[in-house]
Structures are given as C-alpha cells and as structure tokens.
1. Name every residue in segment 144-164 that is more than 18 Å from the chain's Cα centre (by Cα), surrounded by 14 or more Cβ atoms within 10 Å (Cβ to Cβ) and in a loop (DSSP other than H, G, I, E, B), in order of residue number.
2. Taking Gly122 as meeting all but one of (1) surrounded by fewer than 20 Cβ atoms within 10 Å (Cβ to Cβ); (2) more than 23 Å from Gln51 (Cβ to Cβ), write down the number of the exception.
3. If you scan segment 131-171, which residues turn out to be within 18 Å of Val58 (Cβ to Cβ), aliphatic (A, V, I, L, M) and in contact (Cβ under 8 Å) with a residue 60 or more places away in the chain?
4. Take Phe68 and decide whether it is within 25 Å of Lys165 (Cα to Cα) and in a helix (DSSP H, G or I).
5. Within segment 63-74, is there a residue that is surrounded by fewer than 19 Cβ atoms within 10 Å (Cβ to Cβ), in contact with a Gly (Cβ under 9 Å, 6 or more places away or on another chain) and not aliphatic (A, V, I, L, M)?
6. Filter segment 24-65 for residues that are more than 18 Å from the chain's Cα centre (by Cα) and within 24 Å of Asn164 (Cβ to Cβ) and give the result.
7. Within segment 165-181, work out how many residues are more than 12 Å from the chain's Cα centre (by Cα) and under 15 Å from Leu39 (Cβ atoms).
8. So which residues in segment 124-143 are over 30 Å from Ser31 (Cβ atoms) and in a loop (DSSP other than H, G, I, E, B)?
Amino acid sequence: MKKELGFTLMELMITIVILCILLGLAIPGFSSWLPKYRLRGAARDIYSNLQLAKMTAVKDRNRCKVLFNVAGGSYQVSSVSSGPNGTFGDADDVTVTLKTVNFSEYGSSVGYGNGSATSGVGGGGFDNEVTFDEDGIVFDSRGMVFKPSGPAATADGYVYLQNNKNSAFAVGVLTSGVILIRRWTGSTWQ
C-alpha cells in the first residue's frame, strides 16, 4: 500500500490555535506602538516640509512660507513670488499653495501640543504650541528666515506635537535657517 502524504485535521487545528494565541499576544503591543509611530511620522513630515519650503525658495529664487493653523489642526506650505512691481510683501504678491497637511490624516491621536514635556526646547516654558512669530515662517532665496509679515526672524521657532500617550516632538528652525527635530524623552529634549 502507498502511504498518503499531508497534514491531518488535528495537526492543522493545533497550528491554527497556536497562531491565534500568538496574534492575541501581539495585538496589545501593536496598539501601543501605533500612536508613537503616527506622531513620529507627523513630526518627520513637518521637518521634510520645512526642508521643502527652504529648498523651493532657493531653487525658484522666490520666497516660500509655512503657516501653522493651531485651531484647525493643520499647516500649509506655499510659494510666494513678487508681483509685477518686483517687491515682496505688498498686495500684488502671487501665492501658490504647494501642500496642505491636516493632522487628522495621521489618526485621531496626533495634534499640536507639548505632551508631558515640562519645558520648551530651549529650556523655557511653553507660550504656545507654535513658537514661530505670527504662527509661521518664510524662507527667502538664500535660505534665510523671515517672519510672515516681512522682517527677519529674531528668535528660533518651534512646532510642538503630541499624541494621546503624552509623547511629544518639537520641530524647529533656528534663525540661521537650520531645521531640526527633537523628541521629549520624559526629562529632556533629544
């Protein structure tokens, strides 16, 4: 007689039970990991979009701005070129929106805020979730930093993000034009 090869029904059932047990153990770990992953992604996207604004301004020899809307839970990246008179900051400037980002796209737990952080990146307190003057920043064709109303930025600015697990990130631009990202470790910004 020839012996049939394959799995018995009992072997198949035991395998399915073991897989279900492993899946049951993995789901709680995954659900605690997901909010941190979404927050980190949102912070990296702000960092990337600030880089985009800076490089677009240099490449196109125009200005590029990033405006943060704390109440709306969003921000916008726009290219600004001087109008027919060649002067920035007046009524004939032409603004083209490059990107609009809503934090709701990252899930319900990501938004502006400082999480469990007890101080700002520079060691000071929190005045707001966005410390840029006028809730935005403008890069010129040399990569220099300006306020949205026109004058040069005189202080570093940061955007603080949090999730429902009290984790926090800060994405900032120094007055020199350097863009950086920091994570709250529970006691300091790294």
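A short reminder: the numbers here are calculations on the coordinates, not readings from a lab. Since this is a predicted model, take the numbers as computed values, not measurements. Quick reminder, even Gly has a Cβ in these numbers, built from the backbone with ideal geometry, and neighbours come from all protein chains shown.
1. From segment 144-164, those more than 18 Å from the chain's Cα centre (by Cα) are 144-155; that's our starting set.
Then drop every residue that is not surrounded by 14 or more Cβ atoms within 10 Å (Cβ to Cβ), which leaves 144-148, 153.
Met144, Lys147, Pro148, Ala153 - these are the residues of segment 144-164 that are more than 18 Å from the chain's Cα centre (by Cα), surrounded by 14 or more Cβ atoms within 10 Å (Cβ to Cβ) and in a loop (DSSP other than H, G, I, E, B).
2. With (1) surrounded by fewer than 20 Cβ atoms within 10 Å (Cβ to Cβ); (2) more than 23 Å from Gln51 (Cβ to Cβ) applied to Gly122, the lone miss is (2).
3. Once the filter is applied, which keeps residues that are within 18 Å of Val58 (Cβ to Cβ), aliphatic (A, V, I, L, M) and in contact (Cβ under 8 Å) with a residue 60 or more places away in the chain, segment 131-171 yields Ile137, Val138.
4. Values: within 25 Å of Lys165 (Cα to Cα): yes; in a helix (DSSP H, G or I): no.
Here the answer is no, as Phe68 does not meet what is asked.
5. Yes, some residue in segment 63-74 is surrounded by fewer than 19 Cβ atoms within 10 Å (Cβ to Cβ), in contact with a Gly (Cβ under 9 Å, 6 or more places away or on another chain) and not aliphatic (A, V, I, L, M).
6. Answer for segment 24-65, where residues must be more than 18 Å from the chain's Cα centre (by Cα) and within 24 Å of Asn164 (Cβ to Cβ): Gly24, Leu25, Ala26, Ile27, Pro28, Gly29, Phe30, Ser31, Ser32.
7. If we filter segment 165-181 for residues that are more than 12 Å from the chain's Cα centre (by Cα), which is where we start, we get 165-167, 173-179.
Imposing the further condition that a residue be under 15 Å from Leu39 (Cβ atoms) reduces the set to 165-167.
The number of residues fulfilling the criteria is 3.
8. Looking only at segment 124-143, we keep the residues that are over 30 Å from Ser31 (Cβ atoms), and these are 124-125, 127-128, 131-143.
The answer is Gly124, Gly125, Asp127, Asn128, Thr131, Phe132, Asp140, Ser141, Arg142, Gly143.
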